[in-house]
Amino acid sequence: MAVKIITDTSCDLPAGLEQELNITSVPLIFLFGDEQYPDKSIPMEEFWAKARSVWPTTSAPSSGDFEHAFRAAVDAGDQVACITVTSKLSATYNAAVIASQRFSPDQVAVVDSLSLSISQGHMVLAAAQAARAGGSLADVARAAKACRDKLHLYITLDTVQYLVKGGRASKLSGILAGLLKIRPMLGVQDGELVLLEKLRGRNIATRRLLELAFEHLPAARLAVAHIACLEEARVLAAELAARAGCAVESIPIIEVGMALATHGGPGTLGVGVVSA
């Protein structure tokens with residue numbers, strides 16, 4: 001009996017890699033007024049064109065969405081390991097847990113990544129590798145949790161206005177609202193976004209992003225995420241590769257999905273590290 005990996009679209013894995021590893025991503029939802037779309041269902045150019053008129057909102061998948069994905073896997077004779085975006089910032093984990101209760105514990109296991117984006121993706125990859133190696137459902141869940149303990153994610157925003165507007169960092173909102181001209185350096189700790197530093201100037205923020213990532217080398221995996229700033233992400237990946245002593249091609253450069261882009265806004269850069 002194989003273990004099927006299911007996640008949500010916050011994990012920001014390339015579509016080709018998801019297909020290669022037989023990973024299913026349940027989409028988050030973004031809305032422009034009354035228009036509702038599954039995450040990553042339209043071209044990014046169309047998303048930004050619509051966002052110029054009205055800024056979108058987001059919502060988690062329903063428990064029914066997860067149940068449908070779980071049922072397809074179980075009916076195919078598989079067990080399911082589901083890794084979701086952090087429960088501290090989204091109702092997605094709770095939706096997956098509710099759906100899992102309609103199955104026996106030896107059919108579906110749900111793991112809270114306590115992270116997001118490329119770091120959640122790193123956890124999903126660890127689970128997929130364990131599943132491919134023939135691991136049991138318990139083995140796969142343990143592999144995901146072991147990876148979780150080695151995750152480091154740092155994010156710098158071009159502006160805090162979208163994060164404040166989106167309400168996904170409630171503990172930070174009061175602080176960030178007074179920093180509209182500051183480029184904050186954010187990290188993920190215990191599943192929460194936390195303000196690490198207040199920086200002035202994009203170049204300073206980008207340099208500090210690298211310095212924080214360097215602290216966790218050597219690394220088992222590295223990745224760079226961006227929102228509408230591909231060229232800067234490429235430069236970041238090149239500098240990261242030079243310091244890590246690896247080929248730049250080994251560092252994925254990911255443009256995050258629409259649901260996360262809603263909260264970060266254009267100009268966001270992130271680096272994810274899995275410590276060796």
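Summary table
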read-out: Assigned charges on the beta-carbon of Lys, Arg, Asp, Glu; the chain dipole about Cα centre (debye); value: 840
read-out: Segment A146-R243, extension gain: residue separation times 0.36 nm, minus the distance between their alpha carbons; value: 32.4 nm
read-out: Label-point gap, in nm, between M1 and E211 - each point 7 angstrom along Cα→Cβ; value: 5.2
read-out: Order by protection proxy (mean Cβ within 10 Å, highest first), peptides 257-265, 113-121; value: 113-121, 257-265
read-out: Size of electric dipole in segment 1-156: Cβ of Lys, Arg +1 and of Asp, Glu -1, about Cα centre, debye, nearest 20; value: 420
read-out: Spacing of the two label points (7 Å from each Cα toward its C-beta) at L21 and A91, in nm; value: 2.9
read-out: Cα centroid separation, segment 260-276 to segment 24-103 (Å); value: 19
read-out: Förster radius 30 Å - calculated FRET efficiency between E197 and S53, Cβ distance, rounded to 0.05; value: 0.30
read-out: Structure-based [θ]222 nm, the chain - -39500 (n - 2.57) summed over DSSP H runs of at least 4, per residue, nearest 500; value: -12000 deg cm²/dmol
read-out: Rounded to 5, percent antiparallel among DSSP beta bridges of segment 151-275; value: 90
read-out: Local net charge near A276, Cβ-Cβ under 12 Å (Lys/Arg +1, Asp/Glu -1); value: +2
read-out: 20 Å reach of a label modelled at Q129, 7 Å along Cα-to-Cβ, counting backbone N of segment 4-48; value: 4-8, 11-24
read-out: Shape box of segment 151-275 [Cα atoms, principal axes, largest first, Å]; value: 40, 26, 26
read-out: Ordering of 186-198, 149-161 by burial proxy (mean other Cβ atoms within 10 Å per residue, highest first); value: 149-161, 186-198
read-out: Highest to lowest packing among 248-255, 79-86, 40-47, scored as the average C-beta count within 10 Å; value: 79-86, 248-255, 40-47
read-out: Fraction of antiparallel bridges per DSSP, the chain only, in percent to nearest 5; value: 65
read-out: Aspartates and glutamates with Cα under 18 Å of K145, excluding same-chain neighbours fewer than 8 positions away; value: D8, D106, D112, D190, E192
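Bear in mind that the values in this text are calculations on the coordinates, not laboratory data. As the structure is a computational prediction, the values presented were derived from the model and not from experiment. With ideal geometry, Cβ positions are generated from the backbone for all residues, glycine too; neighbour counts draw on all protein chains shown.
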